[in-house]
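Notes follow the structure.
The values are calculated or read from the model by the stated rules, or taken from the named source; none is laboratory data. Keep in mind the model is a prediction, meaning the values are calculated, not measured. All Cβ positions, glycine included, derive from the backbone under ideal geometry; neighbour counts span all protein chains shown.
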Amino acid sequence: MATVIAVLIDSGVMIDLRSDTVTRPSPAMRNAMAEAEVGDDVLREDPTLRALEERAAALTGKEAALFCPSGTFANQLALFTWVDRGSEVYLNENAHIVQHEAGASAYISGAFLRTISPSSANWTEWGDLEPRIRTVTDQHFPKPGLICLENALSDGTVQPLESMSEIRVGAARHGLPIHMDGARLFNAALSLGVEAKDISDHTDSLMFCLSKGLGAPVGSLLCGPKDYIDRAFFKRKIMGGGMRQAGVLAAAGLVALDEELPRLGEDHEKAAQLAAAFSALEDAFEVMNPHPEINMVFLKLRRGGADIEQRFLDRLAQKNILTYPAEGGIFRFVAHRDVKSEDIDHIIKVLPDIAGAV
């Protein structure tokens, strides 16, 4: 079955809504990769990679940036650079760093993750964080080391700037830096109607992905103060992140920033159309975010159970629609540049038939 699906995806028959990481490089990206001027980045001699890092720093308003193979790599490098082993990191219990990075902090930085359940909003508020921050020095307690935020969040919501600003002020009082997982930073900025640097102003470091939403094949950027990025450069080497002639990858990233940032709104609109189509079939589907803030739609089936969930996936596949199995009973559908307007029309047309099967 997996081989059949792969063939259908390659042929363009299957509408792949699993993630915005499944996009294929555009012709311009492939040409740029083939023609990229390169050098040894371990020696900091790759001009294309340096250009990408300078562009990332400018977009986020930070002094410097460092190319990493993935978002998980960049997040874990951020922790590895900020905190001493055993130091406490405060973050949302649903954060990607906690839920989807394979427990990497236990292996790499030795950071102690103190997770927080938000009291009201999906994101972490200062009122959630402040009571957890240890203010007493005692041999029994880990030392406070870092606050981690996420924007946009993994559940598709976007944290308001006012909330981030309050955390920034509180963190400064406690002498704690803030790192942000900004995998879909530009989607969050679009949703808030601000520039990316308006979000990153409330952080000390952040990372954003080139392969989520932006369509590049590989890479994420860790951005922050120059002295911090210099330390991260050394720690990246420890993690095996010295990639030599990585300009062939950076070239695609530069094209992605040019090509994709102006059209991200199209993906948000596609998600809104999907959410409306699912919501119209309320007897079958409970849409968790009927008005998506970014490019993702989340839903539950009104009738639960593993057999019903598998039937739903099978019916989608029969209609040439692909998504991941449910996680905790929740399905995710992600719009991206390779999902065309006619694909959305097809999904809307066949959804009533799919709903009838679940």
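Numerical summary
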{"quantity": "Candidates Ala56, Ala32, filtered to the one that is under 21 Å from the mean Cα position of the chain (by Cα), in a helix (DSSP H, G or I), at pLDDT 95 or above and not assigned by TED's automatic domain parsing to the domain that holds Phe331", "calculated": "Ala56"}
{"quantity": "Residue list for the range 159-202, filter: of a type in the set (S, T, N, Q) and under 20 Å from Asp227 (Cα atoms)", "calculated": "Ser200"}
{"quantity": "Candidate set from the range 165-188 (those that are among the aliphatic types (A, V, I, L, M) and crowded, with 24+ Cβ neighbours inside 10 Å); member that is nearest to Val297 (Cα to Cα)", "calculated": "Ala188"}
{"quantity": "Conditions (1) of a type in the set (D, E, K, R); (2) touching a Leu at 6+ places or on another chain (Cβ under 9 Å); (3) crowded, with 24+ Cβ neighbours inside 10 Å; (4) over 21 Å from Thr203 (Cα atoms): number failed by Arg18", "calculated": "(3)"}
{"quantity": "The range 21-47 - residue that is hydrophobic (A, V, I, L, M, F, W, C) and over 12 Å from Ala250 (Cα atoms) and, of those, surrounded by the fewest Cβ atoms within 10 Å (Cβ to Cβ)", "calculated": "Leu43"}
{"quantity": "Test: residue in the range 95-107 that is touching a helix residue (DSSP H, G or I) at 6+ places or on another chain (Cβ under 7 Å) and among the charged types (D, E, K, R)", "calculated": "yes"}
{"quantity": "In the range 231-275, the residues that are charged (D, E, K, R) and touching a Phe, Trp or Tyr at 6+ places or on another chain (Cβ under 7 Å)", "calculated": "Lys235"}
{"quantity": "Members of the range 331-351 that are over 15 Å from Ala284 (Cβ atoms) and not in a loop (DSSP other than H, G, I, E, B)", "calculated": "Arg332, Val334, Ser341, Glu342, Asp343, Ile344, Asp345, His346, Lys349"}
{"quantity": "Criterion (among the hydrophobic types (A, V, I, L, M, F, W, C), out of contact with any His (no Cβ under 9 Å at 6 or more places or on another chain) and outside the structural domain of Gly71 (by TED's automatic domain parsing)) met by exactly one of Ala250, Ala232", "calculated": "Ala250"}
{"quantity": "Any chance Gly193 is farther than 29 Å from Arg132 by Cβ, surrounded by fewer than 24 Cβ atoms within 10 Å (Cβ to Cβ) and over 14 Å from the mean Cα position of the chain (by Cα)", "calculated": "yes"}
{"quantity": "In the range 108-149, residue farthest from Asn92 (Cα to Cα) [restricted to those that are surrounded by fewer than 16 Cβ atoms within 10 Å (Cβ to Cβ) and among the small types (Gly, Ala, Ser)]", "calculated": "Gly110"}
{"quantity": "Hey, Asn320 over 27 Å from His100 (Cα atoms), outside the structural domain of Asn151 (by TED's automatic domain parsing), touching a strand residue (DSSP E or B) at 6+ places or on another chain (Cβ under 7 Å) and not acidic (Asp, Glu) or not", "calculated": "yes"}
